[in-house]
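Read the structure below first, then the notes.
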Number of protein chains: 2
Amino acid sequence: MARDPFVVIGGDAAGLSAASKFRREADREVIVFEKGQWVSYAHCGLPYFVEGSVERLTDLLSLSPSDIEDRGIDLRRGHEVVSVDPTERTVTVRTDGERFDQPYSELLVATGARATTGAFDASLDGVFTIHGLDSAAAVDAYLAPPGEYDRDRLGDGPVDDALIDHNAALDPPERVAIVGGGYVGIEMAEALTARGLDVHLFQRSDHVLPPFGAAVAERVEPHLDAQGVTLHTGTVVDELVGADRIEAVVADDSEGSEITRADSEAVDSVERSSTSNRAEPGDGERYPVEMALLGVGIQPNTELLDGTGVARGPSGAVRTDAYGRTTLPAVYAAGDVATARHAVTGAETWVPLGLTANRAGRAIGATVAGDPTPVGNVAGTAVVKAFDLECGRVGLVDEDVAADTGFDPVSETITAGSRSGYYPGGDETTVTLVADRRTGRVLGGAIVGRDRAAIRIDTLATAIEAEMTLNDLERLDLAYAPPFSPVWDPVLVAAKVVNGRLES
Amino acid sequence: MARDPFVVIGGDAAGLSAASKFRREADREVIVFEKGQWVSYAHCGLPYFVEGSVERLTDLLSLSPSDIEDRGIDLRRGHEVVSVDPTERTVTVRTDGERFDQPYSELLVATGARATTGAFDASLDGVFTIHGLDSAAAVDAYLAPPGEYDRDRLGDGPVDDALIDHNAALDPPERVAIVGGGYVGIEMAEALTARGLDVHLFQRSDHVLPPFGAAVAERVEPHLDAQGVTLHTGTVVDELVGADRIEAVVADDSEGSEITRADSEAVDSVERSSTSNRAEPGDGERYPVEMALLGVGIQPNTELLDGTGVARGPSGAVRTDAYGRTTLPAVYAAGDVATARHAVTGAETWVPLGLTANRAGRAIGATVAGDPTPVGNVAGTAVVKAFDLECGRVGLVDEDVAADTGFDPVSETITAGSRSGYYPGGDETTVTLVADRRTGRVLGGAIVGRDRAAIRIDTLATAIEAEMTLNDLERLDLAYAPPFSPVWDPVLVAAKVVNGRLES
């Protein structure tokens, strides 16, 4: 009797990486159920579509449905898996008003995450999150004057026409409130500034990009200001006001909070819902806006596993082991829905990012095909462009988080040139480096600058995953040539300075 | 009785790094003898001064003599150490026609290297090497029409006026032969093209930049051509012809040789003297030129140690151990004069580069001050700009060299985007990756591309020094954001492909 197929739920990075790898290595059936119509799209490109630097929405697609089928994958779009029966090894699928049960030999849950809207009324016109191609298309349509939206921008994809038509018919906004200064907030501030909007960015804690640390924010914030973005840090947005369409946000700068440890750890989910410290109506200041963009966090799509007893980890994400296995037999999880192991702390963590999804999917595809392959750790590596500044972070940047994890952290921030001082075009590069005082182990770091700053975080990411000490890091034979780096790369300068503090 | 001073020979990167670190950590005397007048200058900046992107020669100085003295260092310029007596622990110093003996407690030989001219007649006017500030100043003066040289270009430094005057008085060249396609040759091709010259680049072996491997050269060579550089690969320059001033080079393209293993290993010394296979006069083709620039290699300045019995390593450089100690008691060596340990092979090697000099000098300064500090390994990391292309290499790139060292090498070259495909401004990045088939260990790699390619070699350098395997490398949590990197960084793509070959 033939074995039941490998079933994958979710047709984006993790799911399709798994299915593709599996089909290359095994001669067995794989079915991918995707509840929507879009598959294989680049989430991280959405702000750049809105900005206009990506010409068409469909440029963000990596593989077409026929590409996927050419790989021997049985792709079923418009198929929502609503429940899993781990005892019977079946999933229940809903499509076109019908339901059916699909048996599986192995199951991969790669359902991703969705943007949260906290306690806000996100049903008002002009209020958006950026998650999925349709959301970016809706924003793009909303920015055009009524009747003037150029639908060529959408390319030839399965867009939600009703959503586009609705937004394209509304008057375009002049002022936007971006709620949350994490990287979606920063990228959208750049995108909407490029589109000519008057951008107000609200960040509850005392600086933007909390996971990147204070030194990065100290350079990003004046740069945002210089680009015309009005920053409101330490300010809580209490309410989105409007009848049908948003008319104002109400925000209170007396409620600004310290950055919490959870904020510092979470790379993606940097701004929590403001429910817990919501002010009484009337307390805050009213900012008239015609658009609000919510970047207040994301949450894993785990509902289909309710009732299965599957173990959960941080933020309710599905707990997985070194091979991406959940606590249910033959059920794997990968991507934004799953937890991972942190390279520094060894603890379970939830850092939903693109490479993690691709890598874990690919590893699980190999494992299910018979070649057990670890999914790898996450180091919390993240980079973001903030107009002309490049920002990067990895590992444990926050000393309090490092101390909570049992380390004895020491941290320094240095500034060094990105090129030899005499060579034109360089920029000051700011590096924060965190190490453990007892062992000298490198724990984390952050970088900001205009010239090749972000990519330098890869040196630290590699050093951290190799469990290097400051001595190891300081003695690395890194590249030097005047157009690209000074003799001592900024990362090496930081290593020397932190090491000097350890020795003193 | 007070101890004799720490004596340092050579006032550039290694020597001054040692003296500075020593003075910060010890309350003892340090004397630095420098035979010339220039100290603390950036060798790697010389091509960019000639190019004109560095405004003044003195912009290449890092520390002034008074800066050095402010650090408590007894700097003696115009003092040449002519011999060392390791039994008596003295050096003999010549200055202004006098000689004296200087006792030392510890001695650091940091005399650097000098450009070689092979069998060529380098006494002809219009023939240059690029080594030291005076040589770059001479080239700069030679490029100006008689009487029109702008001496402001030299800044306020101890230039060799006679040399400048002589070259400034000569007619400027229109065509230049650059002999040697190593990185000095490539950088000078760019510089002299920018200065309006018709540049001919001669490379004995079959591609330029031998230590970077064939894949890098395959992109660099057409790019040089597109920039107007005429390339003569596989062509041996036999002779520089002229009465007082150079009139032509004679070169033979029937003598072109395979890249030797020594070529592939040596990062700096890429083109050996052509003495050994010099053609009979009349064999070759005559290329009229008014300038020749020799980039045929460098050799360590070790003459002052003749007769001491000090052990030598590759290329005659002074053998040093993990702490920079020579085989003579209390005598250290660092920088371009000294050997180092290779991070991959563990063998003694000679890779004279700037960071190695600074790092070893600093470590020896600490060691002599009482804090034993290893100088660190070299990984052979090197980067070079070739007009718009960025090139990098590290470790063992040549499979034959790797095999000679006892590895079972497997190598692949891949091409991947530097950014997400939909994001503008990216470029194809070509990565060659070499690993050991038996252990999976990463042995070396090379990179070329226009967009942030060179700096990516640091990821490989870090991985190699951490002795990572392909599995480790493939699972690294590297940075991803559309403006800076695709989901799978080109380095990760290369790791996947080479790993795939190992598994098959």
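Of all residues being out of contact with any strand residue (DSSP E or B) (no Cβ under 8 Å at 6 or more places or on another chain) and assigned to a loop (DSSP other than H, G, I, E, B) in segment A:377-390, which is surrounded by the most Cβ atoms within 10 Å (Cβ to Cβ)? Just the residue, please. That would be A:PHE387.
Of all the listed residues (A:VAL493, A:VAL394), the sole one being surrounded by fewer than 24 Cβ atoms within 10 Å (Cβ to Cβ), aliphatic (A, V, I, L, M) and within 13 Å of another protein chain (Cβ to nearest Cβ) is A:VAL493.
Here is the figure for segment B:352-362: residues that are among the aliphatic types (A, V, I, L, M) and at the interface with chain A (Cβ under 8 Å from one of its Cβ atoms) total 2.
Results for (1) under 30 Å from B:GLY196 (Cα atoms); (2) surrounded by fewer than 23 Cβ atoms within 10 Å (Cβ to Cβ), shown as yes or no for each residue.
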position	(1), (2)
B:ARG24	no, yes
B:VAL30	no, no
B:GLN37	no, yes
B:ALA42	yes, no
B:ASP67	no, yes
B:ASP74	no, yes
B:VAL82	no, yes
B:GLU88	no, yes
B:THR92	no, yes
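When we screen A:TYR183, A:TYR142, A:TYR149 for residues that are out of contact with any strand residue (DSSP E or B) (no Cβ under 6 Å at 6 or more places or on another chain), touching a residue at least 24 places away in the same chain (Cβ under 8 Å) and aromatic (Phe, Trp, Tyr), the only hit is A:TYR142. The single condition among (1) more than 13 Å from chain B (Cβ to nearest Cβ); (2) touching a residue at least 40 places away in the same chain (Cβ under 8 Å); (3) surrounded by fewer than 23 Cβ atoms within 10 Å (Cβ to Cβ) that A:LEU63 does not satisfy is (1). Could you list, in sequence order, all residues of segment B:102-123 that are part of a loop (DSSP other than H, G, I, E, B), touching a residue at least 12 places away in the same chain (Cβ under 8 Å) and within 25 Å of the chain's Cα centre (by Cα)? Correct list: B:ALA110, B:THR111, B:GLY112, B:THR116, B:THR117, B:GLY118, B:ALA119, B:PHE120, B:ASP121, B:ALA122.
Selection of segment A:455-493 for residues being β-branched (Val, Ile, Thr) and free of Cβ contacts under 8 Å to residues at least 60 places away in the same chain yields A:THR459, A:THR462, A:THR469. If you go through segment A:448-467 and keep only what is more than 10 Å from chain B (Cβ to nearest Cβ) and buried (at least 24 other Cβ atoms within 10 Å of the Cβ), you end up with A:VAL448, A:GLY449.
List the strands (runs of 3 or more DSSP E) inside segment B:284-326, counting only whole elements, that have at least 2 residues being out of contact with any Leu (no Cβ under 7 Å at 6 or more places or on another chain) and surrounded by 17 or more Cβ atoms within 10 Å (Cβ to Cβ). Give the steps one after another, and end with the answer.
Numbers: elements: B:285-288, B:291-294, B:298-300.
Those strands (runs of 3 or more DSSP E) span B:291-294, B:298-300.
The set of residues in segment B:199-231 that are assigned to a strand (DSSP E or B) and closer than 20 Å to B:GLY392 by Cα comprises B:GLN203, B:SER205. Listed here are the helices (runs of 4 or more DSSP H) enclosed by segment A:1-92 that have at least 3 residues being farther than 21 Å from A:VAL159 by Cβ: A:13-25.
Filter segment A:468-486 for residues that are closer than 16 Å to A:VAL344 by Cβ and within 10 Å of chain B (Cβ to nearest Cβ); which is surrounded by the fewest Cβ atoms within 10 Å (Cβ to Cβ)?
So, considering only residues that are closer than 16 Å to A:VAL344 by Cβ and within 10 Å of chain B (Cβ to nearest Cβ), the one surrounded by the fewest Cβ atoms within 10 Å (Cβ to Cβ) is A:ASP472.
Condition check for A:GLY157 on (1) in contact with a helix residue (DSSP H, G or I) (Cβ under 9 Å, 6 or more places away or on another chain); (2) under 30 Å from B:PHE484 (Cβ atoms); (3) modelled with pLDDT of 95 or more; (4) not polar (S, T, N, Q): one failure, at (3). Would you call A:GLY181 modelled with pLDDT of 95 or more, assigned to a loop (DSSP other than H, G, I, E, B) and crowded, with 24+ Cβ neighbours inside 10 Å? Considered against the rule, which asks whether it is modelled with pLDDT of 95 or more, assigned to a loop (DSSP other than H, G, I, E, B) and crowded, with 24+ Cβ neighbours inside 10 Å, A:GLY181 comes out as yes.
For every residue, the table says whether it meets (1) farther than 20 Å from A:ALA357 by Cα; (2) in contact with a strand residue (DSSP E or B) (Cβ under 9 Å, 6 or more places away or on another chain).
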site: A:SER64; (1), (2): no, no
site: A:GLY72; (1), (2): yes, yes
site: A:VAL93; (1), (2): yes, yes
site: A:GLY97; (1), (2): yes, no
site: A:ASP101; (1), (2): yes, yes
site: A:GLY112; (1), (2): no, yes
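The values are calculated or read from the model by the stated rules, or taken from the named source; none is laboratory data. Remember, it's a predicted structure, so these values are computed and weren't measured experimentally. Don't worry about glycine lacking a Cβ; one is built from the backbone with ideal geometry, like all the others, and counts go over all protein chains shown.
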